[in-house]
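Working notes, structure below.
Values quoted throughout were computed directly from the atomic coordinates according to the rules given, and no laboratory measurement underlies them. These numbers come from a predicted model, not from an experiment. Here the Cβ positions follow ideal geometry from the backbone for every residue, glycine too, while neighbour counts run over all protein chains shown.
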Amino acid sequence: MKKRQALALFMGLVMVAGVVGCNKPATEETVENVDAEVVEEDVDFEAPEGYSLVWHDEFDGTELNEEDWNRETHEVGWVNHELQEYIPSDEYAYVEDGKLVIHPVKTENEDGTVSYASGRVNTQNKHDIKYGYIEASIKFPEGKGFLPAFWMMPQDEQFYGQWPKCGEIDIAEVLGNQTNINYGTIHYGEPHNQNQGTYTLQSGDFASEYHTYAIEWEPGLIKWFVDGEQYYETNDWFTAVDGEEEKPYPAPFNQPFHVILNVAVGGDWPGDPDETTVFDDRANMYVDYVRFFQKESYDENVTKPEKVFNMREADETGNFVHNGDFAEAEDLLDEEEWRFLLFNDGEGEAKIEDGEIIITTTAEGTEDYSVQLVQAEMPMYEGASYKLTFDAYADEERSMKVAVTAPNNNWIRYLNDTRVSLSTEKKTYEYEFDMLSGDDDFGRVEFNMGNADSMATIHITNVRLEKVE
């Protein structure tokens with residue numbers, strides 16, 4: 001199963017689902033070709049340097065090989081308030097033209113309701129792998145409400161405890177209404193924590209062409225790749241049971257995991273399908289191949305690295321926010337400095353003009369974060385006091401929410417979500433808060449303008465976050 005957290009590094013809503021536990025790992029310091037044997041056969045592709053092929057499926061047959069794959073069965077709402085039922089049938093997961101096709105279906109019922117079904121397959125207890133280079137070539141679905149995933153969960157679900165203590169590795173997730181962004185994530189810990197990176201295509205999208213998605217997983221280090229290009233890595237995680245000491249690092253990512261492929265419909269993260277969502281070939285997830293590679297051996301004698309914080313320096317006025325006066329007309333869609341984000345039916349645009357940012361909303365969406373302006377990399381020092389100030393007004397009276405959040409620390413709030421009442425007159429708003437959690441170099445200032453019963457244009461300038469005595 002999965003438990004999601006709201007739109008990764010972009011939103012501040014924690015999403016709930018249930019899961020499973022995990023197995024006890026091997027403890028040998030050096031593990032020889034873990035849990036798999038090298039495949040000796042002629043193939044028309046090369047293994048990554050230093051790796052050998054241990055299993056693959058090119059989907060060249062006429063049906064899904066159930067000696068390699070399990071079909072899953074799950075009821076509606078099983079996790080994340082998703083709408084689909086997972087049905088173990090060729091209607092929802094099948095092989096055609098050299099591809100695995102996962103096909104979600106919408107049914108209009110006689111009583112006027114709508115129901116959804118989809119496919120979900122995994123390699124549990126058939127092809128599990130502990131460490132390696134795990135890769136797939138995929139074309140993802142397009143459409144509001146689709147959440148396809150290529151991800152991994154532990155083989156044995158009983159040792160470390162219920163999710164998220166057991167660990168989860170998300171190799172690739174692409175929202176159906178935002179098909180130029182891929183998310184790579186791990187979930188772990190008690191309390192729940194996650195580490196996440198994103199890869200944004202500069203041209204094209206993940207739904208109209210095939211791309212390769214992979215992780216390179218070694219003891220104490222996981223790296224993520226799109227089309228062979230590394231975009232993220234992490235070595236910082238833990239697992240524990242509340243009230244007990246942490247398990248020895250690199251738990252929980254020191255045990256065999258299996259691969260899962262599925263297409264979810266609706267739920268907390270992608271939101272529900274709407275009138276624009278089409279359930280034809282565009283709804284399908286196409287998988288060209290899945291391949292597992294391993295090195296000859298792995299040294300498991302690793303220690304947890306000391307956390308190194310890259311704390312942003314304040315400017316000469318003590319402000320941690322870059323371009324807080326919006327003097328520079330920066331790109332608001334890249335992953336640097338200010339970012340303008342739309343989620344869950346939110347629509348609008350933002351522009352920097354005459355020393356302010358102007359946010360025009362055309363659809364307010366279903367969540368306060370559906371229309372969102374953020375800047376991350378705020379240095380949060382444990383025990384320090386902070387003050388957030390900004391000037392703002394709107395073309396008509398309306399509200400928005402502000403917060404300082406922790407995308408890398410379970411989305412806790414350093415400054416709680418605070419509703420701000422805006423008038424047509426520019427005013428200065430000021431909020432102070434104490435930092436009570438551990439040091440964090442990735443705090444985030446958020447302005448949330450969705451689902452506010454108004455789409456009046458908002459103007460913001462002179463944003464400051466500073467430490468105070």
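General remarks:
- Residue 366-residue 333 pseudo-label distance in nm [points 7 Å out on the Cα-to-Cβ vector]: 2.5 nm
- If you take all other residues with their beta carbon under 15 Å from the beta carbon of residue 227, and give Lys and Arg +1 and Asp and Glu -1, the sum is -3.
- Panel order for 335, 108, 216, by other beta carbons found within 10 Å of each beta carbon, from fewest to most: 108, 335, 216.
- Stretchable slack from residue 230 to residue 44, in nm (0.36 nm times residue separation minus alpha-carbon distance): 64.6 nm
- Listed by Cβ neighbour count within 10 Å, with the fewest neighbours leading, 215, 358 appear as 358, 215.
- Once the C-beta distance of residue 396 and residue 89 is scaled by a Förster radius of 56 Å, the resulting FRET efficiency is 0.60 to the nearest 0.05.
- Dipole orientation for the chain: of the candidates 62, 184, 421, 421 has the Cα lying most toward the positive pole (charges on Cβ; Lys, Arg +1; Asp, Glu -1).
- By other beta-carbon atoms within 10 Å, ranking 221, 261 with the fewest at the front produces 221, 261.
- Each residue of segment 329-339 was assigned a 3J(HN,Hα) from its phi angle through the Karplus curve 6.51 cos²θ - 1.76 cosθ + 1.60 (θ = phi - 60°); the sequence is 7, 7, 6, 8, 9, 7, 9, 10, 6, 6, 10 Hz, with glycine and proline shown as x.
- Efficiency of FRET from Cβ geometry, residue 311 and residue 428, R₀ 25 Å, rounded to 0.05: 0.40
- Estimated FRET transfer efficiency (residue 276, residue 241; beta-carbon r; R0 45 Å; 0.05): 0.50
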